[in-house]
Structure formats: C-alpha cells, structure tokens
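The structure appears below as structure tokens.
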Amino acid sequence: MKSALPLATVVLAILAVWYLAAALMNAPLQRDLFSNAGRTDYSTQDLVGASLNMERPKLPAPHQVAGELYKLIFATSPTSKRSLVYHGLITLEETLIGFIIGSALGIGLAVLIVSMRWLDRSMMPWIVASQTVPIIALAPMIVVILNQFNVTGIAPKAVIAAYLCFFPVTVGMVKGFRSPDPLQLDLMRTYSATRAQTFLKLRAPASAPFFFASMKIGAAAALVGAVVAEVTKSEDGGLGARLLAGSYYGQTVQIWAALFAAAALSAALVGLIGVAGRIAQKRMAFVP
Amino acid sequence: MDVAAAAKLKPDGRATRTADVAIEIGGLFLRFDTADGPVQALSDVSLKVARGEFVSFIGPSGCGKTTLLRAVADLESPTSGTIRVNGLSPDEARARRAYGYVFQAPALYPWRSVARNIALPLEVMGFSRAEREARVAKGLELVNLSGFGAKYPWQLSGGMQQRASIARALSFDPDLLLMDEPFGALDEIVRDMLNQQLLRLWDVTGKTVLFVTHSIPEAVFLSTHIVVMSPRPGRIYDIIECNFPRDRTLDIRETPEFLAIANRVRQGLREGHSYDG
C-alpha cells in the first residue's frame, strides 16, 4: 500500500502532461477544421474540448485511447479482424515461439562460450555484430530468404523474434555461468571435478538469478521482434500489422491502442517470468 | 630452507622413512607474471612434513604462505622445484583425493543445504547415496553441527559456516587437511573455541594438517611445527618445534614454554624484516 501513492502521483502527472500535449498539438488542426466549417464563435473551452475528441488527432487524448482499447478488446468479437485480442494472440504466438527458440539458442551459445575459451574471442564479435544491424532493415530480408525455402506464415516472424531475443540471453547467461567466485571454483578443482561436473554443480545453479533476468529481457526483445516482423509482413495480422494499418490511414487512435496492447502484452510476459523467478529462487533458497 | 632446517621436522631426530613423509618440498620457486612485472612469490623453499603433523605457516602478507599451500594442492604451478605428496606429484595426489581444502571464506554453495554442501565432494567423487548420507551425518557430528543439516548457509553464523566447510573438507577422508586462514574472519571468542575443536579433530582423525595463519598465539597453540616465513621474496626464515601434549587446553597459553615459543616466532617475524613494508 505504501507504494500506491507515489505510483498514483506519477500516473496522474503523465496523464496531465499527455492531456496538455494533446490539446496543444491538436488545437491548430481543430482551428482549421472550425474555420473550414465556417465557425468563428467558438470559445477556448470549445476548442480544447474539440481538440481532445478529434477523429484523427495528431496525438489522441488518453480517454480516446482507453475508449478504443475497450472497444477493440471487450466490445468486439475476438474472431473479428478488428479485435485487438485476435491480433494480440497472433503476436503472442510469434513472440512465444521466437522466445523459446531464441532463449534456447542464447543459453546454448553461452554454454559453448563458457566451456571453450577460444569461442569467446572468435564468436563474441559476430554475436555483437549481429545486433548492430538494424532489425527493421534485416527483417524483410529474412522474410524473403525464408520464403525461398517455403518457410512462410508464422515461422519467419518467430525467427525474427528469436534473432532479437538470443543476444541478451547469451550475454546474461555467460555472465551468470561465470558468476561463481574463485574459491568456489578452486574447491571443485581440489575435488578433481570434471568440467561437466563443475558446470552442473556450480556454474549452472549459480547462474539462476541471471537466468531469470535474461529471460525477462529476452521476452521483451522477442515481442519487439515479432511486432517489427508484422510491420514487414502485415497481411497475416498481429499488433504490428495494426500499427501499420493505422499509420496508413492516419488512424492515430488505432495506432496508440495497438501500441498500448503491445506494451501490456510485454509487461504481462515480463511480470510472469518475474513471478516464476521469485518462486524458483525461493525454492533454491537463494533468497530468505 | 636448507636440509638442516628441514631435518628439524623429523620427530626425535630419528631418520624418517619415506612412508612417514606426507609432504616433501625441494628448492621450490614460484613467480607470478603480473601486469606490473614478475613477482617472486616463493624463493628456494624446502620442507619436509611427516605424517600426522600439524604445521602452521606464519608471516605477513606477501610472504607466500598461501601460495605455498596452493602449490601443494596443485592450485598453483611452481616455476621450478619439486613437491611430492605421499610420494606423488600434487597433480596425481589431487586425483587420488588427497586434499581437503578449507579456505579463508567458507565458500559454501548458497543454494545447497548444509548437508548437501558437505555431500558435494562425495557427489563429485561418485560415492553412493547411502555412503553419502552416512558420511554427512558423521561429518555434522564431528564439527558439532548435528541437527543443522537441513539449514541453509545464510541461516548459520560465520563460525558455524566455517565448521560446515571443515566437515565438507573431511567428508571424503583426505590424507591432508589444508587450511588457509580458516578462522581469520572470525572474532577472538569464536576463534578460541574453533581452535580447541580443531585440535580435538586433529587428534581424533590423525590427519596431516597444513595451517596458514596471521596469529602467533593460534600458531603456537595448534602446531607441532611453526614455519616462519618472510616476504619479498617469499621464503622460509625459521622452523620452530612445538611439543605440547596433544590434549592441551587453552590454559597452556599462560605457561612460560608457550610464551617462549611465541617470543621466538615474534622475533623470527621481526628479523625476517617482515613488517618493514
């Protein structure tokens, strides 16, 4: 309960700034609309009120976005192509598949890098380089190339999600596997433990806190990848496709609604992993 | 140190048979190549330790006492010279489970209960489950931690954690117990108690113990021999024999014999220019 007040204060402040920005950004547009309609007798109050309720504002007001979200989530059939539930599930599926592939790849690479020292130097630059290429430039190429091999539909998007997901997982898990202190490692050496034993009994359990942190970042990155992939290849739907369609037709309210849906999805995934992590670490007795 | 000094370690001056020698170190040099240039950690160290001895290494920081212990345990590689443990190289001795190592920090694995920490080396070495359970129970009893097996390290005091780490080191019955300032981080009262317990443990198990310490009273109280080392480069300055009865108590620290040996250690540390830096 103690955190409720600061939280509410921040939310209220954001809303206030948002309303102010919406009014300031939309007012000139609304003034043009009034003059086109031949209206000149409007008060400032009229102008502000109308600016916050435009059909195609530059920046929609919070209540407009909330209304759109309600309409597209609860008041629309989930099977409808307008429903955000329909599109959200598409994005979620791509994200989850990409996340599973990406984190498996990321953990696998981390295991290799930690087990073989020469791989650290030879592979890490490539892994880093893979992330310096903007995904928005790479995504269409991945779609086209995979299409050559008859890989279509959800798969190329999951691949793009995995592409963004594996990197933070690799970096996090390498750090996790290397987190045991020198004494804990020396101990294994005095037992003449094999590398595999040292890994299973020391490095792997020691990496648990890093594992859950990596999963959180990886899941959020996978969702970004999925949305970018949907923008690239929008005919199959998804929240990214809604973003693209919205910007195509100047439907700013729709864009913002899709944006918030994506953010909520991401927050839910990260939150879920956080809960799983707390339970697991409690069982492992990492935390009292 | 030369052979004459090493000879002091033979009990009663009798010729020591090879079978009774636990550790034999000859002309050991060890240099670390650091970013600031080479550091001579050990210089011409020779030493013989008979089976069942309790040998303390004392000296200021940088005298190489920890490095010497680590070299014996095959955790550091000497630049030149020989180390034989039970007639084997440190590498071979390690493979034969000769070393129970206790570090300055307990280094317990936080995700394992105390019992499972003690079982760790047994798991690594492939003991059966029944054997593991029996040895863990025995180990807990040995260090007075019976009833604490299910606890996790963070639930234990520092002294209890270090006792658990001693039980872990002894669980697989190694020939040698190597202890690197095991009680350095503990307060005086806990340290006194643990010293007495360690002495009893040594008496019961008959292990050969190598014990690194900063504390003169601790070294004199525990040891059969005290190796005084001096820094830059790390070398043996003096080896002092200490023949208190095995069932000694803390009271002996008031006796003139005890104070005389403590004085000789202190003098050795001073003459070794130990505290000039």
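The values are calculated or read from the model by the stated rules, or taken from the named source; none is laboratory data. Because the structure is predicted, anything quoted here is derived from the model rather than measured. Cβ: placed from backbone, ideal geometry, glycine included. Neighbour counts: every protein chain shown.
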Working only within region A:70-85, note down all residues that are surrounded by fewer than 19 Cβ atoms within 10 Å (Cβ to Cβ) and either assigned to a helix (DSSP H, G or I) or charged (D, E, K, R) (or both). A:Tyr70, A:Lys71, A:Ile73, A:Lys81, A:Arg82, A:Val85
B:Thr208, sole failed condition from (1) within 14 Å of chain A (Cβ to nearest Cβ); (2) under 16 Å from the mean Cα position of the chain (by Cα): (1)
Would you confirm, using the coordinates I've provided, whether A:Leu239 is surrounded by fewer than 19 Cβ atoms within 10 Å (Cβ to Cβ), more than 14 Å from chain B (Cβ to nearest Cβ) and at pLDDT 90 or above? no
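Looking at the structure I just gave you, is A:Ala276 in contact (Cβ under 8 Å) with a residue 12 or more places away in the chain, under 27 Å from A:Pro57 (Cα atoms) and away from chain B (no Cβ under 14 Å)?
no
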Among the listed residues A:Ala129, A:Ala110, identify the single one that is in a helix (DSSP H, G or I), assigned by TED's automatic domain parsing to the domain that holds A:Val224 and surrounded by 15 or more Cβ atoms within 10 Å (Cβ to Cβ). A:Ala110
Let me spell it out: the conditions are (1) assigned to a helix (DSSP H, G or I); (2) free of Cβ contacts under 8 Å to residues at least 60 places away in the same chain, and B:Asn144 meets all of them except one. Which number is the exception? (1)
How many residues of region A:175-222 are crowded, with 23+ Cβ neighbours inside 10 Å and away from every other protein chain (no Cβ under 14 Å)? The answer is 6
Kindly provide the set of residues from region B:97-128 that are closer than 15 Å to A:Asp181 by Cβ, in contact with a strand residue (DSSP E or B) (Cβ under 9 Å, 6 or more places away or on another chain) and more than 7 Å from chain A (Cβ to nearest Cβ), ordered by number. B:Gln104
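Before we move on, is B:Ala71 in contact (Cβ under 8 Å) with a residue 12 or more places away in the chain, in contact with a Phe, Trp or Tyr (Cβ under 8 Å, 6 or more places away or on another chain) and crowded, with 21+ Cβ neighbours inside 10 Å?
no
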Check B:Leu88, B:Leu69, B:Leu47, B:Leu30 and return the single one that is at pLDDT 90 or above and within 14 Å of chain A (Cβ to nearest Cβ). B:Leu69
Every residue from region B:237-267 that is out of contact with any helix residue (DSSP H, G or I) (no Cβ under 8 Å at 6 or more places or on another chain), loosely packed, with under 11 Cβ neighbours inside 10 Å and among the charged types (D, E, K, R): B:Asp251, B:Glu254
All but one of (1) within 14 Å of chain B (Cβ to nearest Cβ); (2) among the acidic types (Asp, Glu); (3) within 20 Å of the chain's Cα centre (by Cα) hold for A:Glu230, so report the exception by its number. (1)
A:Val169 vs (1) surrounded by fewer than 18 Cβ atoms within 10 Å (Cβ to Cβ); (2) of a type in the set (A, V, I, L, M, F, W, C); (3) within 15 Å of the chain's Cα centre (by Cα): all pass except (1)
Determine the pairs where a residue that is closer than 13 Å to B:Ser223 by Cβ and at pLDDT 85 or above, located within region B:241-257, has a partner that is in a helix (DSSP H, G or I) and polar (S, T, N, Q) with Cβ atoms under 7 Å apart, the partner being 6 or more residues away or on another chain. none
